[in-house]
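Heads up, the thing below is written out as structure tokens.
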């Protein structure tokens, strides 16, 4: 009896050690974090549990994969609901992790001792995208087969190593049974291990930096974690699980006819979270899309956390009143610029018809048509609005994110046959 009590005590201490005994009252306000970190952790456990159950029915062979999904949905008790929960949880996790990174960035929680955790967060976001990318192929229907074909073809555009890298990912020249087995192995074995390792490190670093970033000048009224925070986390978890189950009862995960390598849908689109890349490829040279822009963005996301910032500003939403104003202006600017260029390249200015090398006509020219207005806008903020370096970084990040979201919306809803604009 005493042993059982000790075990429960150890388990209780382990769970509660995820938080300190006392916590700043400001840190547990819903508007401080929106519970996104805990939501993502819970979504991972939902995905792990439902994915484990799906393994009992799924057969990772092209001849049987699609039929095993049909059998799961039509013949297994609650099979369709199980697949729906897994699918929609995965889609939701991409969104919530993205929002979590945005929340951390805009609350200035990436600087000083929190810098390392920003990097782990970026790495976890990459792993989650890889999770969804590898899982996207497993149904082996027309939607998944051609979406993965598009993305692996884009990888081939990377200079020097693209074709070899795409060949390794696919396990051959085209998406085939080797690709399915590779993706299944990554999705169910390697990626879960990597995610758990880095998630533990991520939470440990949060604990080490004394939890959520709070503005130092704010009053520090301490309250007990149990029950002040624990009850809120339990309530948030219950709301999340009930919402996913209800949504999954009424909306089925997409499943088209069985994959046919000989018949390509028109249009063929990348997975929705990568469709902004496909949209960009319509307007820009492949070398820019597959190498130069991703390299620039990676360096930008890494280097911004190394900038010195007043420690009193850490935890401050939007940095300052001027910073908030600059963000709204940047969203409007990004929307107008991105939409204008999409329509210009679609209807007025066909760059591939210029008698110039493609790297210039479809690369440097359209890239400059985007970059130069952005630089002019940043110069205006610096001189006209007297923005400091952090406020300029907020603007640049906002422009980048807004442009990608706009391109994704256009790619998902406004591209029809032949990837032409439709209304």
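What the table below lists for this structure:
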quantity	calculated
Order of 105, 343 - criterion: other Cβ atoms within 10 Å of each residue's Cβ, fewest first	343, 105
Computed lengthening from residue 164 to residue 223, 0.36 nm per intervening residue step minus Cα-Cα distance	15.6 nm
More than 28 angstrom apart: percent of Cα pairs within segment 216-373	56 percent
Residue 352-residue 57 pseudo-label distance in nm [points 7 Å out on the Cα-to-Cβ vector]	4.2 nm
Packing-based ranking, highest mean first, of 171-178, 142-149, 391-398 given that Cβ atoms within 10 Å are counted	142-149, 391-398, 171-178
Segment 318-423 - Rg over Rh from alpha carbon coordinates, Kirkwood radius	1.05
Extension gain from residue 203 to residue 379, taking 0.36 nm per residue of separation minus the Cα-Cα distance	59.5 nm
Distance from segment 259-308 to segment 345-423 (C-alpha centre basis), Å	13 Å
Estimated FRET transfer efficiency when R0 is 45 angstrom, pair residue 241-residue 367 (beta carbons, to 0.05)	0.50
Full-stretch length increase - residue 249, residue 178 - with 0.36 nm per residue and alpha-carbon distance subtracted	22.2 nm
Inter-probe distance in nm under a simple model that places probes 7 Å from Cα toward Cβ, at residue 102 and residue 262	4.5 nm
Ellipsoid semi-axes in whole angstrom, largest first, where each is sqrt(5λ) of the Cα gyration tensor of segment 238-286	31, 19, 7
Ascending count of other beta-carbon atoms within 10 Å, so fewest first, for 112, 283	112, 283
Burial ordering of 340, 330, fewest other beta-carbon atoms within 10 Å first	340, 330
Quarter of the Cα convex hull surface for segment 43-167, i.e. its orientation-mean projected area (nm²)	10.0 nm²
Over the chain, equivalent-ellipsoid semi-axes from the Cα gyration tensor in Å	37, 34, 18
Pair-distance profile P(r), taking every C-alpha pair of segment 114-211, with 5 angstrom steps and integer %	2, 13, 19, 19, 16, 12, 9, 6, 4, 1
Average Cα contact separation per residue, segment 318-423, under 8 Å, 6 or more apart, as relative contact order %	41 percent
Computed [θ] at 222 nm, deg cm²/dmol, the chain (DSSP H ≥ 4; -39,500 (n - 2.57); rounded to nearest 500)	-21000 deg cm²/dmol
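Bear in mind these aren't lab numbers, they're just calculated from the coordinates by the rules spelled out. Computed from a prediction, not measured in an experiment: that's the story for all the values here. Positions of Cβ are generated from backbone atoms using ideal geometry, with glycine treated the same way; all protein chains shown enter the neighbour counts.
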